[in-house]
Amino acid sequence: MVTKVSGHTVALAFAGVLIVLTVITSLLILYADSQGADYYFFIYGSSECPHCRRLEAFMESTYGPSRYHFCDVSTNQACLEYFKKFLGASGLPGSVPMTMAFKQGYLMGIVIGEDENKSFWDSIVAAKPSPNVTIYMGEEPAAYLVLELDKHKQFIREFIPEPQASLILGSPPTGTTPAPPSGGEEAILASLIPLALSDSVNPCTFVLYGVILLSVSISAGRRAVAATGISFILGVFLSYLILGLVLTEVVGLIPRPLLLAFAFAFAVYLIITSLRIMRHPEKRKMCKEDDPSCPSSGLYNMFKKKGGIIGAFLIGIVASFTLLPCSAGPYLVFASLLSLSEWIARLGYLLVYVLIFISPLILILLGALGLTKVRGVNEYLLKHEAKIKLGAGIVLVLVAAYLALL
């Protein structure tokens, strides 16, 4: 017996796979960034030493050029001077290669000799910083270097040449202008969900999307509704993601004090407007599709002329930009938090943010197709819009205060 699979089922399955892949991709990106952003291997060696050359090749192929530095004591006078100074202070023999492993500005271990066991190196940087730094001969612990945690920074400045010392410490080299601190992973994670959820409660988009689905359902079946809804969501997803990446570049050019001032001002705006709506809900102005002054009205008229899956996709793209003033303040603030992060981390966080942003649209579509008991998602979110934005405003105040103290 052959079971016929309906078109809307295939379309929804495709959307589900896309969402799962997005989540997995973003988590992998964030995991890779967190694993690769805080450790560094500094090697004192000689180009005339075969063990040194093999260790350098291993580091190159295993961790990449951004995670290690080979300081050649046979050709670089600065390397030789710093190496001699370290040997004199530590009393260690002048054997090469000698590798210092660092994590987050702390010395994690010193390895004398060649070793090409990735698990061994990973175990060193995976441990917690300690005042007793292990000195290894190969993989065997041979001694300890007593170095109090508050002395690690001084150790790095004294025994590692520039610019690697500043790179290990996460600060610009001496004599340069310090870059402003980034938003910090804690601030980004704390603000991600509330800001994205606040951004997702977009009356303009809800009205446009709901009317599009309703108009398609009147003239066509569930298959067309599913295809149209998914096409619209994909248009919003891709364009909002691209917009976020652009914003992270643009806001990075704005002075940090202005960004903090904007964050505080927007937070106050969210709190005041939320409290006003909660006190006087009858005065709240709602956007309607038959109101010429409503931005979604013009877009819906465009859809009626073009229609179809491609039309819904294009309208989704246009809506992401033209309906932006309805709720995009949180997105701009979140982009400012990401502006000083590595691009791969930006992409990962933005994927999660945009996925949360489109989640109401997905639930609305599922409700319209009768595939879930969750109905009236847009009405529910709009009903509680003031509370959601109030929470986002409070979180934003806390995040801005945290950044101001950095």
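The values are calculated or read from the model by the stated rules, or taken from the named source; none is laboratory data. Just so it is clear, the model here is predicted, and its values are computed rather than measured. Every residue, glycine among them, receives a Cβ derived from its backbone with ideal geometry; neighbour counts consider all protein chains shown.
Tell me the residue from Met100, Met137 that is of a type outside the set (Lys, Arg), at pLDDT 95 or above and closer than 18 Å to Tyr44 by Cβ, please.
One residue alone meets the criteria, Met100.
Just to check your reading of the model, which residue among Phe70, Phe83, Phe155, Phe120 is surrounded by 13 or more Cβ atoms within 10 Å (Cβ to Cβ), in the same structural domain as Cys52 (by TED's automatic domain parsing) and over 18 Å from His51 (Cα atoms)?
Phe155
Met59 is checked against (1) over 29 Å from the mean Cα position of the chain (by Cα); (2) modelled with pLDDT of 90 or more; (3) not aromatic (Phe, Trp, Tyr) and fails just one. What number does that condition carry?
(1)
Quick one: Gly113 ticks every box in (1) under 21 Å from Ala57 (Cβ atoms); (2) within 32 Å of the chain's Cα centre (by Cα); (3) of a type in the set (Gly, Ala, Ser) except a single one, so which number is it?
Only one criterion in (1) under 21 Å from Ala57 (Cβ atoms); (2) within 32 Å of the chain's Cα centre (by Cα); (3) of a type in the set (Gly, Ala, Ser) is unmet by Gly113, namely (2).
Residue check: is Ile112 under 18 Å from Gly45 (Cβ atoms) and touching a Gly at 6+ places or on another chain (Cβ under 7 Å)?
no
Regarding region 275-291, can at least one residue be identified that is in a helix (DSSP H, G or I), modelled with pLDDT of 75 or more and within 22 Å of Ile193 (Cβ to Cβ)?
The answer is yes; a qualifying residue exists.
Among the residues of region 80-115, which ones are of a type in the set (Ser, Thr, Tyr) and in contact (Cβ under 8 Å) with a residue 60 or more places away in the chain?
Tyr82
What helices (runs of 4 or more DSSP H), lying completely within region 296-397, carry at least 3 residues that are modelled with pLDDT under 70 and of a type in the set (A, V, I, L, M)?
377-383
Kindly establish whether Ala101 is closer than 19 Å to Ala165 by Cα and either touching a helix residue (DSSP H, G or I) at 6+ places or on another chain (Cβ under 7 Å) or outside the structural domain of Arg157 (by TED's automatic domain parsing) (or both).
yes
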